[in-house]
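Enquirer: Below are the structure tokens for one structure; questions will follow.
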Amino acid sequence: MGALFADDANPKYVFLFIGDGMSTPQRMMAEEFARKVGHGELLINHFPSHATTRTVSANSLVTDSAAAGTALACGEKTNNGRIGMSVDGSRRLESVAEVAHQNGKKVGIVTSVTINHATPASFYAHRPSRSQYYGIGLDLIDSNFEYFGGGGFGGYADNTKSSAYRGNLYELAEKAGYKVVSDPEAFHALKPGDGKVLARGCEQALPYTIDGETDVPTLEDFTRKGIELLDNPNGFFMMIEGGSIDWCGHANEAATNLMEVLALDKAVRAALEFAQKHPDETLIVVTGDHETGGMTMGFAGTGYALYVDRLAKQKCSIGRFGELLKKARSAKEDFDFDDACAMLTKYF
Ligand SMILES: [Zn+2]
């Protein structure tokens, strides 16, 4: 965890960045990579204040994102799976975003994965289970927060199987006064005065950074837009999650992982630019919620050499490679092992 410009006891502008599944190895791997390829150091590793914290949940040594998100948002440990609810799932816990909103601050929630996923949900929803994606979406609309950005509801907007179903979530959001935006042009055109905004770059998570060239807005874009839309005389609270760091951690994809950490670092740089204009009124906190993937750096078999620059040769995520391979196989009838090897060489 690192914090910047924390000298004011009651900052007007608060940024809370959460790298999901981002612990020390993910940060350090990204840093070594950035240094090796000439990008220099990571901003998030060079904040003036640092601390480590114990991330156990109320019922497990290894927290999940729901219990960790709830602890970060509400200041109380709970069981894995709970979203803004107490250990037994009976008591609603108030989040820092809700307190900020009650105190007249505008609130923004941004993520690179789906907006109803556990980490962002912990700041606006109250559900005994993280898998209640439709109900979490209803809580999003009820929160009345000014800005939601990143992925969409992940295919749950029309989940008629939910016992709470009362209509398409995007339509319900519009009825509740949200400007719902799903194409890049409309996103970039958003401006202060547009009112409450629910902006998605995709229905699912945003594409991995390593998969490159796309017109889908990035985590940095969603952060910059949040600053533009939320800035007001009462200040704002914005939570920005680098959610896909966790997803490629689960998949043990080192190159994809470090690119996502770098994408989060870029979003933090956008906040830093804002903080430099409002130095005595801005607090930036960057943290993780838990580690994912058991990443280590160097081992005895390589004489503790890291070879991190070799990861620059990887051109796409494993998921994207699978799609490309499938396409190549269906395009060529006698696609064989040598063809597959040539593709591996090209992309890795
Ligand atoms: Zn997590």
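Enquirer: Do the conditions hold for Gly81, that is, is it under 23 Å from Ile141 (Cα atoms), within 16 Å of the ligand (Cβ to nearest atom) and open to solvent by 10 Å² or more (accessible area, probe 1.4 Å)?
Expert: Yes, satisfied.
Enquirer: Quick check on my filter: what residues within region 216-229 are buried (at least 21 other Cβ atoms within 10 Å of the Cβ), assigned to a helix (DSSP H, G or I) and not acidic (Asp, Glu)?
Expert: Within region 216-229, Leu219, Phe222, Thr223, Lys225, Gly226, Leu229 qualify.
Enquirer: Looking at the structure I just gave you, is Asp246 part of a helix (DSSP H, G or I) and charged (D, E, K, R)?
Expert: Taking the combined requirement at face value, the residue satisfies it.
Enquirer: Separate question: Please enumerate the residues belonging to region 159-203 that are small (Gly, Ala, Ser) and under 12 Å from Tyr147 (Cβ atoms).
Expert: Of everything in region 159-203, those that are small (Gly, Ala, Ser) and under 12 Å from Tyr147 (Cβ atoms) turn out to be Gly195, Ala199.
Enquirer: Sticking with this structure for a sec: Could you list, in sequence order, all residues of region 255-310 that are part of a loop (DSSP other than H, G, I, E, B) and within 16 Å of the ligand (Cβ to nearest atom)?
Expert: Asp289, His290, Glu291, Thr292, Gly293, Gly294, Met295 - these are the residues of region 255-310 that are part of a loop (DSSP other than H, G, I, E, B) and within 16 Å of the ligand (Cβ to nearest atom).
Enquirer: Hey, Trp247 hits all of (1) away from the ligand (no atom under 16 Å from the Cβ); (2) at negative phi; (3) open to solvent by 20 Å² or more (accessible area, probe 1.4 Å) but one; which does it fall short on?
Expert: Among (1) away from the ligand (no atom under 16 Å from the Cβ); (2) at negative phi; (3) open to solvent by 20 Å² or more (accessible area, probe 1.4 Å), the lone unmet condition for Trp247 is (1).
Enquirer: Is region 65-73 home to any residue that is hydrophobic (A, V, I, L, M, F, W, C), more than 18 Å from Leu230 (Cβ to Cβ) and free of Cβ contacts under 8 Å to residues at least 12 places away in the same chain?
Expert: no
Enquirer: Of all residues in region 124-173, count the ones that are more than 21 Å from Glu98 (Cα to Cα) and among the charged types (D, E, K, R).
Expert: Residues in region 124-173 being more than 21 Å from Glu98 (Cα to Cα) and among the charged types (D, E, K, R): 4 in total.
For (1) in a helix (DSSP H, G or I); (2) in contact with a Leu (Cβ under 6 Å, 6 or more places away or on another chain); (3) open to solvent by 60 Å² or more (accessible area, probe 1.4 Å), each residue gets a yes or a no:
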{"residue": "Ser122", "(1), (2), (3)": "yes, no, no"}
{"residue": "Asp139", "(1), (2), (3)": "yes, no, no"}
{"residue": "Phe148", "(1), (2), (3)": "no, yes, no"}
{"residue": "Glu171", "(1), (2), (3)": "yes, no, yes"}
{"residue": "Leu198", "(1), (2), (3)": "no, no, no"}
{"residue": "Gln204", "(1), (2), (3)": "no, no, yes"}
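Enquirer: Select from region 254-290 the residues that are within 21 Å of the chain's Cα centre (by Cα) and open to solvent by 60 Å² or more (accessible area, probe 1.4 Å) and list them in ascending order.
Expert: Lys266, Arg269, Glu273
Enquirer: Just one of the numbered conditions (1) outside any loop (DSSP other than H, G, I, E, B); (2) under 26 Å from Ala275 (Cβ atoms) is not true of Asn232; which one?
Expert: Asn232 satisfies every listed condition except (1).
Enquirer: Only one residue in His101, His126, His46, His117 is within 15 Å of the ligand (Cβ to nearest atom) and either open to solvent by 10 Å² or more (accessible area, probe 1.4 Å) or outside the structural domain of Tyr170 (by TED's automatic domain parsing) (or both). Which one?
Expert: His117
Enquirer: Give region 189-211 a look and list any residue that's free of Cβ contacts under 8 Å to residues at least 12 places away in the same chain and at positive phi, or say none.
Expert: Answer for region 189-211, where residues must be free of Cβ contacts under 8 Å to residues at least 12 places away in the same chain and at positive phi: just Gly193.
The values are calculated or read from the model by the stated rules, or taken from the named source; none is laboratory data. Nothing here was measured: the structure is a model prediction, and the numbers come from that model. Cβ: placed from backbone, ideal geometry, glycine included. Neighbour counts: every protein chain shown. SASA here: full protein model, heavy atoms, side chains in, ligands and nucleic acids out. Shrake-Rupley method; radii C 1.70, N 1.55, O 1.52, S 1.80 Å.
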